[in-house]
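Scroll down for the structure; my scribbles are underneath it.
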Amino acid sequence: MKLLVTGATGFLGSRASDLLAQNGHEVVRAARPDGAERSGAGEAVRIDAGDPAVRSLIAGCDAVLHFAGVPDPARARADPARAVRENAGTTLNLLEGCLAHGAGLVYPSTLRAALDPPPDPYAHSKRLGEEGCRLHAAPTLVVRLTSVYGPGQLAWEGATGAIASFAARALAGEPIVIAGDPERSRDFVYVDDALAAIEALVAERRWNETVLIASGRSTPLLTAAQLVREAAGSSSPIETPGGELPAGENESYQAAPEAPLPLNLSLEEGIRRYVDWLKSHPAAQVRSRA
């Protein structure tokens, strides 16, 4: 397949581009002009996903994997209007290009977007992107992701995932701090498993569906922190100061055990692989942030 990947210098976009290319697909990478420098960044076309000119890159492609956008609740809370523009507005722009060039669009969303009402500006912006897909004439596939983690996710670049934060602190010998309820749970999915599922869905042409990609396993943050500390061989203390958190952050988000695409890699093994990747990649040397 020939695939356009937006956000190709971000966590999911860069990892997807690399894995898809390794699997023999022709990958066109697009990244914003000020995007991070990652593997393959030199191949990326530097263009905003909301720029009408990006549509020309869709010509000849089977699908667009739209990983560009505002990827986390904190940034969406800080600037909700930008989150809507990046997560919904750019999607409409690409949908117009897909319709013109006969391609499908894969829209990575979040389990939070399934809630009524969406719990925070991030979930709201993603829900608007989903609605744009549902209402448009172009073929679309909405994939609702749970808590994806793994190689390419770097806390020092601003990644806000729990496991990324825990690993950064464990490897730096700093306290692992879990504010709010430490027993709130997440459904963690290793990045390569999530991307393999997306690749299979595109190959099967599963257009005009909404699919949940999840492990079906619920894990408290405290347990995840303990697993990270063990994998890192760290003695970092785990601190649970409690306190209030922004709307949507102190809740549990988990998929039902009968999730449509259960994944095979255990959390323990996924965390071990991620910590090993952090240890072995010079570009990923941990720079913890408070």
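The number of residues in region 87-117 being buried (at least 20 other Cβ atoms within 10 Å of the Cβ) and more than 21 Å from Leu4 (Cβ to Cβ) comes to 4.
Among the residues of region 195-239, those that are over 30 Å from Pro139 (Cβ atoms) and either not assigned by TED's automatic domain parsing to the domain that holds Gly152 or not in a helix (DSSP H, G or I) (or both) comprise Arg217, Ser218, Thr219, Pro220, Gly233, Ser234, Ser235, Ser236, Pro237, Ile238, Glu239.
Restricting the first member to region 231-256 and to residues that are over 13 Å from Glu183 (Cα atoms), and the second to residues that are in a loop (DSSP other than H, G, I, E, B) and among the β-branched types (Val, Ile, Thr), the beta-carbon pairs closer than 9 Å and six or more apart or on different chains are Ala255/Thr146. Contact map, region 77-96: residues that are touching a residue at least 60 places away in the same chain (Cβ under 8 Å) paired with residues that are part of a helix (DSSP H, G or I) and basic (Lys, Arg), Cβ distance under 8 Å, separation 6+ or inter-chain. Pairs shown: Leu94/Arg55.
Look at (1) buried (at least 21 other Cβ atoms within 10 Å of the Cβ); (2) more than 18 Å from the chain's Cα centre (by Cα); (3) not in a strand (DSSP E or B) and you find that Ile178 fails only one, number (3). Which pairs do you get when a residue that is closer than 11 Å to Tyr107 by Cα, found in region 134-150, comes within reach of a residue that is among the aromatic types (Phe, Trp, Tyr) and not in a loop (DSSP other than H, G, I, E, B), reach meaning Cβ atoms under 8 angstrom, with the pair 6+ apart or on two chains? Taking only residues 6 or more apart or on different chains, the pairs are Thr140/Tyr107; Leu141/Tyr107; Val142/Tyr107; Val143/Tyr107. As a summary of the residue check, Val70 satisfies the conditions (1) surrounded by 24 or more Cβ atoms within 10 Å (Cβ to Cβ); (2) closer than 22 Å to Ser165 by Cβ; (3) of a type in the set (A, V, I, L, M) except for the one numbered (1). Within region 53-64, restricting attention to residues that are touching a Leu at 6+ places or on another chain (Cβ under 6 Å) and not in a helix (DSSP H, G or I), the residue that is nearest to Glu204 (Cα to Cα) is Ala63. Cβ-Cβ under 8 Å, sequence separation 6+ or interchain: first residue in region 175-194 and at positive phi, partner surrounded by fewer than 22 Cβ atoms within 10 Å (Cβ to Cβ). Which pairs? Filtered contacts from region 175-194: Gly180/Gly242; Gly180/Gly243; Gly180/Glu244; Gly180/Leu245; Gly180/Glu249; Gly180/Asn250.
Of the helices (runs of 4 or more DSSP H) lying entirely inside region 74-171, those containing at least 2 residues that are in contact with a helix residue (DSSP H, G or I) (Cβ under 7 Å, 6 or more places away or on another chain) and among the charged types (D, E, K, R) span 121-135. I need the full set of residues from region 265-290 which are modelled with pLDDT of 60 or more, part of a loop (DSSP other than H, G, I, E, B) and touching a helix residue (DSSP H, G or I) at 6+ places or on another chain (Cβ under 7 Å), in order please. If the condition is that a residue be modelled with pLDDT of 60 or more, part of a loop (DSSP other than H, G, I, E, B) and touching a helix residue (DSSP H, G or I) at 6+ places or on another chain (Cβ under 7 Å), then Leu265 is the only one that fits. Taking the conditions (1) more than 25 Å from Lys2 (Cβ to Cβ); (2) crowded, with 21+ Cβ neighbours inside 10 Å; (3) within 19 Å of the chain's Cα centre (by Cα) in turn, Val143 satisfies each one other than (1).
The values are calculated or read from the model by the stated rules, or taken from the named source; none is laboratory data. Please read these numbers as outputs of a predicted model, since none were measured by experiment. Glycine gets a Cβ as well: all are built from the backbone with ideal geometry, and neighbour counts include every protein chain shown.
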